[in-house]
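The values are calculated or read from the model by the stated rules, or taken from the named source; none is laboratory data. Every value quoted in this text rests on a predicted model; they were computed, and no experiment measured them. Because the Cβ atoms are built from the backbone with ideal geometry, glycine has one as well, and the counts that use them run over all protein chains shown. Quick note on the areas: whole protein, heavy atoms, side chains included, nothing else; ligands and nucleic acids left out. Shrake-Rupley method; radii C 1.70, N 1.55, O 1.52, S 1.80 Å.
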Amino acid sequence: MTALLDALDRRLINTLQDGFPLVDEPWRVVAEAVGSTPEEVLERVRRLRETGVLTRFGPMFQIERLGGRFVLAALAVPEARFDKVAAAVNALPEVAHNYRRTHRLNMWFVLATETPEGIAGAIAKIEAATGLPVFAFPKHREFFVDMRLQA
Amino acid sequence: MDSLPDDLDRRLVIATQAGLPLVARPYDALAAGLGVTAEEVKARLAAMLASGRIRRIGAVPNHYALGYTANGMSVWDVDDARIVELGEAVGRLDFVTHCYERPRVLPDWPYNLFAMVHGRDRQTVLAGVAEISRLLGGACRGHDLLFSTAILKKTGLRIGGG
């Protein structure tokens, strides 16, 4: 599962986690920072996206500041139905991430909706589709968020 | 309170939520699609960064691909009177990538502090969790650690484009 990355890939991933310049030819700036050419770094980023090493490349929106809402939620899914329930949950566009975890609450996902009211509707759809109660964990306070990881 | 995004901001969010175009001049490409100038696109993105509507522009790696195969969601039942002080202290630990206060769901779920710990192996995550436990001391009445064993979906947010 761990990808084969060379030193330039790693420098590129680390640099791009810190930001991307708002200039007409941003890949020139990135190339200078990592010691390569604009063509090479762009090609590498295309490949890293295609192979899934990068799950996203672009603006990371703070959805609450745009009027929307993120809510962490969980289900206790019977093992025999796990794949079917995962497919039903993942089919909803409001489900941004979904992880299997080691607990009786074994499916943890993030609901992202354009309005705060959209969350209740998404939860109702999941409960109707799965027949399972959704445990919702809206955040009360954010103490720290920085998902950058050294490549 | 932030004002809601205007129409161009909204169209810019929709145009970029799946990612920036991977071309030599991405802001020109966005501008062409939106019928505005690249200067306007850059200015709008800069303003959204400054106001915090965009956290940052850049790459999100799949942490498994980078070798961070151990991803532990540590959850803690912390004295409500001390949650702010202790949540901030846990958030300052360098191995914690996210730290939030969330509601308890009693009786099933007594935990109100969530701290995500990523590591290249489970031992590293367990060592981090032990450090959080020492930091919380007697203010913590119990905790649990939920390792992720599969990414079932990871797409980022999608708002309506219709």
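The table below gives the values:
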item	result
Sites matching chymotrypsin sites (Phe, Trp or Tyr not before Pro) across the stretch A:41-144 that sit in DSSP coil, with at most 11 neighbouring C-beta atoms within 10 Å	none
All lysines inside 25 Å of B:Lys153 as judged from Cα atoms, apart from same-chain residues fewer than 8 positions distant	A:Lys84, A:Lys125, A:Lys139
Neighbourhood net charge (14 Å Cβ-Cβ; Lys/Arg +1, Asp/Glu -1) for B:Ala150	+2
Within the protein assembly as shown, helix-based [θ] at 222 nm, where runs of 4 or more DSSP H residues each add -39,500 (n - 2.57), nearest 500	-11000 deg cm²/dmol
Solvent-accessible area buried by A and B, counting both chains, probe 1.4 angstrom, square angstrom	7500
Radius 13 Å from Cβ of A:Ala31, net charge of other residues (Lys, Arg +1; Asp, Glu -1)	-2
Folded to 0 to 90 degrees: helix B:122-136 orientation relative to chain B principal axis, Cα	70
Whole-Å distance, taken between Cα centres, linking the stretch B:1-52 and the stretch A:20-35	18
Amide H partners (placed H, <5 Å) of B:Arg102, local residues excluded	A:His140, B:Leu113, B:Phe114
Charge tally in the Cβ shell below 11 Å around A:Ala73, where Lys, Arg are +1 and Asp, Glu are -1, A:Ala73 excluded	-1
Rounded to whole Hz, the Karplus (6.51, -1.76, 1.60) HN-Hα couplings of the stretch B:91-98, x for glycine and proline	x, 7, 5, 6, 8, 9, 9, 9
